[in-house]
Amino acid sequence: MTPTARTASDRTATSPTRPARAGLSRPRLSHPVMRAGVVVVLSFVLGGLTSYAQGFLPDAFASFANSASGWTVLTALLVYWSRLRTAPAAVLGAVSFVLLVLGYTVASQVRGYVYDPLLFSAVGVVAGPFVGVAASWLRATGVRAALGTALLAGIGVGEAAYGLTIIRETTSPVYWTLIGVAGLALLTGMLVRRVRGALPVVLAVAGTAAVAATFYAAYSNLY
């Protein structure tokens, strides 16, 4: 072999290596903190949009922009999308719900209306963590999936009952019917896909009924 000859291994060893790019990579939404940040921003924006929605939604769906289930659905969807674990989901649930209320408040003031956010902000602080955990547990199976389903489906069914009875004279039945059907659809879908076994099934069905009854009673006394 001549002095200038190189083997393949020599060429590999002496060839320049590319600098590591890990530290230069762009932040991606796969990171939990990034997803949580998106939820924070969207919560405030969507809260503001619900104020404007009261002006352009048809009467049949106008109750969405002025109902507890409307903000609950948005909070649950955002936290579910974030794919956070139980504890962070609880915190994000409260933050998301309160920011929906604050976004609504700011947008209402811009439109020339006065809205006091204190009541529903307090509701968000108390109920938001439970909504966040429930949304997170929809990705689980068994008992956790059953409990998450019971809370969210029960809220939908409970407010549907409230809307179709207590305030039926002043609002359209369309939205209340839809939110009730959505709650039952969630229960049915989770029973088919994730809630298996006697105990989880009982918890999901009985829990939905219990949450719905509790929501109905509490909301009836609140208003």
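Here each label is just a point 7 Å from Cα along the line to Cβ, and for Asn66 and Glu169 those points are 1.6 nm apart. Placing a pseudo-label 7 Å from each Cα along the Cα-to-Cβ vector at Phe56 and Arg193 gives an inter-label distance of 3.1 nm. Note on the chain: GNM, Cα springs under 10 Å; of Arg111, Arg144, Arg85, the largest mean-square fluctuation is that of Arg111.
Given their separation in residues at 0.36 nm each and the Cα-Cα distance between them, Ala218 and Val181 gain 11.2 nm when the chain is fully extended.
Nearest 500 deg cm²/dmol is fine: what mean residue ellipticity at 222 nm does the chain get from its DSSP H runs of n ≥ 4 alone, each adding -39,500 (n - 2.57), divided by its residue count? Please list the in-between numbers first.
Working: 8 runs with 162 residues, N = 223.
Rounded to the nearest 500, it is -25000 deg cm²/dmol.
Descending by average beta-carbon neighbour count within 10 Å, the peptides 126-133, 62-69, 35-42, 145-152 line up as 145-152, 126-133, 62-69, 35-42, the highest first. When each of Tyr113, Tyr104, Tyr162 is scored by the number of other beta-carbon atoms lying within 10 Å, the sequence from fewest to most is Tyr113, Tyr162, Tyr104.
The share of Cα pairs per 5 Å bin across the chain, counted from zero up to the longest distance, runs 1, 7, 12, 15, 16, 14, 9, 5, 3, 2, 2, 2, 2, 2, 2, 1, 1, 1, 0, 0 percent.
Under the simplified labelling scheme, the Ala122-Val110 pair shows an inter-label distance of 2.8 nm, with each label point 7 Å from Cα along Cα→Cβ.
Per-residue 3J(HN,Hα) values for the stretch 46-56, derived from phi via the Karplus relation 6.51 cos²θ - 1.76 cosθ + 1.60 with θ = phi - 60°, read 5, x, x, 5, 5, 5, 5, 4, 4, x, 10 Hz in sequence order (x marks Gly and Pro).
Read-outs: derived from the displayed coordinates by stated rules, not from any lab. Computed from a prediction, not measured in an experiment: that's the story for all the values here. Cβ sites come from the backbone with ideal geometry, for glycine too, and all protein chains shown count toward neighbours.
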